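Presented below is the structure to which this report refers.
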Amino acid sequence: MENFTNETIDTGQLPKFEKVTFMNLHPKYIRVVLINLALFIGILILVPILISTFKPELFSGRVWLIIGAVIPVFSALLVVFSIIGFHKKGFAFREHDVLFRHGIIATNTVVIPYNRVQHVALHEGLISRYFGLAKIEIFTAGGNSSDIEIPGIEKEQAENIKQLLMGKIQKQL
């Protein structure tokens, strides 16, 4: 019978993910983000106009004043935060794990060891496909949603990443 040990780990000797060089999302992806925002803002503007066309009694002068002030400010904030968020996102693939950094106010870094990866999916949205971009979703055990979604990757590179991750999964089996 083996003797059980549980030695203390010197956390100062652990590898630092902060020193990893993260790859930025493809520069074309900011266009995808802005086009999606423009569509959302267009719907946000169109809904009150359509409602006022069919039910004009619901919208008085004050309501239009509020809508006229709120929508532009809200839209500007959405655009600014989306641009900042785009520049803060990054990803890296190391020998034993994948890292994804995101966040606007607080920066979050998700690290997933390859031995935890269960499934990998590649998605192309309509606008992303037009720009030749895709999104990689990485799933681990214990959930029905992906643990990491890396958008804004050139499609060929995304396919290579998927093959890399699928190869890592196959080696575990």
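The values are calculated or read from the model by the stated rules, or taken from the named source; none is laboratory data. Because the structure is a prediction, the values reported are computed rather than measured. When we count neighbours, we look across all protein chains shown, and the Cβ atoms used for this are built from the backbone with ideal geometry, even at glycine. Accessible surface is based on the protein model in full, side chains and every heavy atom, while ligands, DNA and RNA are left aside. Shrake-Rupley method; radii C 1.70, N 1.55, O 1.52, S 1.80 Å.
Plainly put, region 76-173 has a radius of gyration that is 0.99 times its Kirkwood radius, both from alpha-carbon atoms, as the Rg/Rh ratio.
Here the label points at Tyr130 and Glu2, each 7 Å from Cα along the C-beta direction, are separated by 5.8 nm in the simple model. A straight Cα-to-Cα reach below 21 Å connects Lys16 with the lysines Lys88, Lys89, residues fewer than 8 places away in its own chain not being considered. Using only the Cα atoms of region 31-76, build the gyration tensor, take square roots of its eigenvalues as a ≥ b ≥ c, and label the shape rounded, prolate or oblate: rounded if a/c is under 1.5, else prolate if a/b is larger than b/c, else oblate. It is oblate, given that a/c is not under 1.5 and a/b is not larger than b/c. Compared with the dominant principal axis of the Cα atoms in the chain, helix 29-54 is inclined by about 30°.
Electrostatic bookkeeping for Ile153 treats Lys and Arg as +1 and Asp and Glu as -1; over the other residues with beta carbon under 15 Å from its beta carbon, the sum is +2. Between 0 and 90 degrees, the angle of helix 61-88 with respect to the longest Cα principal axis of the chain falls at about 20 degrees.
Coupling constants for region 156-166 follow from the phi torsions by the Karplus curve (6.51 cos²θ - 1.76 cosθ + 1.60, θ = phi - 60°), and in residue order they are 4, 5, 5, 5, 5, 5, 4, 5, 4, 5, 5 Hz; glycine and proline get x.
By the compact-protein rule of thumb, 2.2 N^0.38 Å, the alpha-carbon radius of gyration of the chain corresponds to a ratio of 1.43.
Of all aspartates and glutamates in the structure, the ones whose alpha carbon falls short of 16 Å from that of Lys135, not counting any fewer than 8 places away in one chain, are Glu124, Asp147, Glu149, Glu154, Glu156, Glu159.
Helices in the chain, meaning DSSP H runs of at least 4 residues, each add -39500 (n - 2.57). Divided by all residues, the mean residue ellipticity at 222 nm is -15000 deg cm²/dmol.
In this structure region 25-173 gives 61 Å² per residue of accessible area when probed at 1.4 Å with all protein chains present. For a paramagnetic label modelled on Phe74 (point 7 Å from Cα along Cα→Cβ), amide N atoms under 16 Å away belong, within region 32-46, to 37-46.
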